[in-house]
Amino acid sequence: MNTSKTLLSLYLVFAVILSQFFVAYFFSKGRTSYRKAFSALVLCISFYLFGYLMIINSNNLQEMVFWNQIQYLGLPFISVLWLMVALLYTKTIYSLKNQIAILLFSLPVITFFVRLTNSWHHFFYTKWEMRQFFGYYSLYMERGFWYYVNISYSILCLLLTIIIYFIGYLKNKVGYTKSHFLVFLFASLLPFIGIVLILFAFEEWSIDYSALIMPISLLIISYGILKYDFLEIRTLARETIFENNFAGMVVLGPGKRVIDYNKAAEKFFEAINIKLNNYPIEHILNREPKLLEIFESESSRDFSLVIDGEERFFEIDVVPLGEPHDGNTRMLKSIRDVTDERKIQDKLKFLATIDSLSGLYNRAEFMNLAKREFAWAKTSNEELSLLIMDLDNFKNINDSFGHAAGDEMIREIGSIIMTSFRKTDIAGRIGGEEFAVVLKNASLEEAKKVAEKFRETVARRKVIYEGQEISSTVSIGVAAIRGNTDDINNIEDILKMADDALYKAKAKGRNCVAT
């Protein structure tokens, strides 16, 4: 083996090892669209370089043709993946949509199958030859029409990549230093030069210039990574804080234009059939005026909407970015789903205010609500009535049937109270077998009628517990005020009046109403 072949082989071995290292390294560091595209790009480059390494070390035409086919496992996709990396890195696009993927990858996929089946139709290569240069053999191919279709598309993709990085360099539009763009600009320019050389200088030397230049591109990128660390710290930080955050994040630039967003934000807007893009938020949310008002506001707000038949709650916070006086105001809007938190809060509130046995308000919450209604009645000169109800001979039920039967009776009375009174009335369990109801805008006479009806309902109701029929009655004390009653100053006064009436009912023999 001569010196030139040895040096070229070592060069390509180093390039393949370097590319495989990059594939593993980038893929292990994150799962953003940008990293996935870059990992796929380097993987395709490694197939391409390995195939060329084996070609120059083959001694017969059949082996060379085989390794050329291995090259085409990655070769058709290199230029389009290079373009994808540029689009994602510069935030020209934020993620690879199905429509974009189909548009970009249709021709490379067709090229892959055309090259795979070339022996049937010879659309890609029409002729193969072995040629010797500088002491080693190379593969010469006469090109078919689809070869020119593919290489034209590759040139177009790389040219667009160079333009995108150049525009990014001029505008610095995603906030990195210009050196970041120069690294990718020059790394993209070299494969473009290699393809042009293949197109116009391959006939003379049969050298794959792209394979020779591609490792240099990888070295330039690795230099950028080591010098600027932008693929390590910047992407890792973005993934952790922005991309993979459970809260939706939308960055609004001057004119309230959407300039960036993460996956959670995209998912949030998809749930309400809105597509995020690089437009002013007024244009995007023109069909959602309430949400538009929140996003235009510079304060944090709450928002709720129905998703899949369930009402969900969101907190939309705002963080100003930059100085407001520099004319380049930006805002970060974070959208946090707080539905589960709200449910927990509601459950805790329920447990703190509701008596678990009867389902009515507990004594503390009943007193709070009763005080509020009493104050309103006094202020508005409204009538207010109060019922205190006590189960008759409840101790006998516990003694005869057990405490579980007593609990069942409490549950039954709670259920009857909830169905017998108005939704605006306030009902609570204020003792073991003692209940109270505040009747809004009800006179003493009206309250007495309601109480009597309730007493009859309880007397008729039978509770079946473990096959045994249990019945009970209730004694009720009723008191009422008008707002201008001077001798009654707080809820405790009317409670005492109702309690005195309850004792009168008990003294009469129970199962009756007293006022």
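The values are calculated or read from the model by the stated rules, or taken from the named source; none is laboratory data. No experiment lies behind these values; they were computed from the predicted model shown. No Cβ is skipped: glycine too gets one built from the backbone with ideal geometry, and neighbour counts run over all protein chains shown. Each accessible area value is taken on the protein alone, full model and side chains, heavy atoms only, with ligands, DNA and RNA left out. Shrake-Rupley method; radii C 1.70, N 1.55, O 1.52, S 1.80 Å.
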Next on the checklist: Please determine whether any residue of the range 73-95 is outside any helix (DSSP H, G or I), modelled with pLDDT of 90 or more and either open to solvent by 20 Å² or more (accessible area, probe 1.4 Å) or of a type outside the set (D, E, K, R) (or both).
Outcome noted: yes
Checklist entry - Would you say Asn396 is free of Cβ contacts under 8 Å to residues at least 24 places away in the same chain, surrounded by 13 or more Cβ atoms within 10 Å (Cβ to Cβ) and not hydroxyl-bearing (Ser, Thr, Tyr)? => result no
Checklist entry - Assuming Ala451 fulfils every condition listed in (1) open to solvent by less than 40 Å² (accessible area, probe 1.4 Å); (2) modelled with pLDDT under 90 apart from one, which condition is it? => result (2)
Checklist entry - Would you pick out the residues in the range 352-368 that are touching a residue at least 60 places away in the same chain (Cβ under 8 Å) and either surrounded by 18 or more Cβ atoms within 10 Å (Cβ to Cβ) or touching a helix residue (DSSP H, G or I) at 6+ places or on another chain (Cβ under 9 Å) (or both)? => result Asp355, Leu357, Ser358, Leu360, Tyr361, Asn362, Glu365, Phe366, Met367
Next on the checklist: So in the range 315-332, with the set limited to residues that are charged (D, E, K, R) and surrounded by fewer than 17 Cβ atoms within 10 Å (Cβ to Cβ), which one is modelled with the lowest pLDDT?
Outcome noted: Asp326
Item to check | Of all residues in the range 239-276 being touching a helix residue (DSSP H, G or I) at 6+ places or on another chain (Cβ under 8 Å) and among the small types (Gly, Ala, Ser), the one that is surrounded by the fewest Cβ atoms within 10 Å (Cβ to Cβ) | outcome: Ala247
Item to check | Test: Gly414 is over 16 Å from Gly359 (Cα atoms) and free of Cβ contacts under 8 Å to residues at least 60 places away in the same chain | outcome: no
Checklist entry - Which pairs do you get when a residue that is open to solvent by 60 Å² or more (accessible area, probe 1.4 Å), found in the range 504-515, comes within reach of a residue that is assigned to a loop (DSSP other than H, G, I, E, B), reach meaning Cβ atoms under 8 angstrom, with the pair 6+ apart or on two chains? => result Arg510/Asp392; Arg510/Asn393; Arg510/Thr473
Checklist entry - Counting only residues that are aliphatic (A, V, I, L, M) and exposed (fewer than 12 other Cβ atoms within 10 Å of the Cβ), how many does the range 333-351 have? => result 3
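Do you know which of the residues in the range 58-117 that are among the charged types (D, E, K, R) and more than 20 Å from Ile162 (Cβ to Cβ) is farthest from the chain's Cα centre (by Cα)?
So the first thing to find is which residues in the range 58-117 are among the charged types (D, E, K, R), and the list is 63, 91, 97, 115.
Add one more test, that the residue is more than 20 Å from Ile162 (Cβ to Cβ), and what stays is 63, 97, 115.
Values: Glu63: 51, Lys97: 17, Arg115: 42 Å.
Out of the qualifying residues, it is Glu63.
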Item to check | Selection status of Leu439, open to solvent by 50 Å² or more (accessible area, probe 1.4 Å) and at negative phi | outcome: no
Checklist entry - Does at least one position in the range 53-69 carry a residue that is closer than 20 Å to Asn150 by Cα and either touching a helix residue (DSSP H, G or I) at 6+ places or on another chain (Cβ under 6 Å) or open to solvent by less than 20 Å² (accessible area, probe 1.4 Å) (or both)? => result yes
Checklist entry - Quick one: which of Phe66, Phe77, Phe50 is free of Cβ contacts under 8 Å to residues at least 60 places away in the same chain and in contact with a Pro (Cβ under 6 Å, 6 or more places away or on another chain)? => result Phe77
Checklist entry - Can you name the number of the only condition in (1) open to solvent by 40 Å² or more (accessible area, probe 1.4 Å); (2) modelled with pLDDT under 90; (3) not polar (S, T, N, Q) that Ile470 fails? => result (1)
Next on the checklist: Scan the range 121-133 and tell me whether some residue there is exposed (fewer than 14 other Cβ atoms within 10 Å of the Cβ), without any contact (Cβ under 8 Å) to a residue 24 or more places away in the chain, aromatic (Phe, Trp, Tyr) and not in a loop (DSSP other than H, G, I, E, B).
Outcome noted: no
Next on the checklist: What pairs come out if I take residues in the range 4-28 that are outside any helix (DSSP H, G or I) and pair them with residues that are among the small types (Gly, Ala, Ser) and exposed (fewer than 13 other Cβ atoms within 10 Å of the Cβ) whose C-beta lies under 6 Å away, six or more apart or interchain?
Outcome noted: none
Checklist entry - When you scan the range 34-52, how many residues do you find that are open to solvent by 10 Å² or more (accessible area, probe 1.4 Å) and closer than 22 Å to Asn150 by Cβ? => result 6
Checklist outcome for this item: The condition from (1) open to solvent by less than 50 Å² (accessible area, probe 1.4 Å); (2) at pLDDT 80 or above; (3) among the polar types (S, T, N, Q) that Thr235 misses is numbered (2)
Checklist outcome for this item: The residue that is surrounded by the fewest Cβ atoms within 10 Å (Cβ to Cβ), considering only those in the range 277-302 that are assigned to a strand (DSSP E or B) and at pLDDT 85 or above, is Asp302
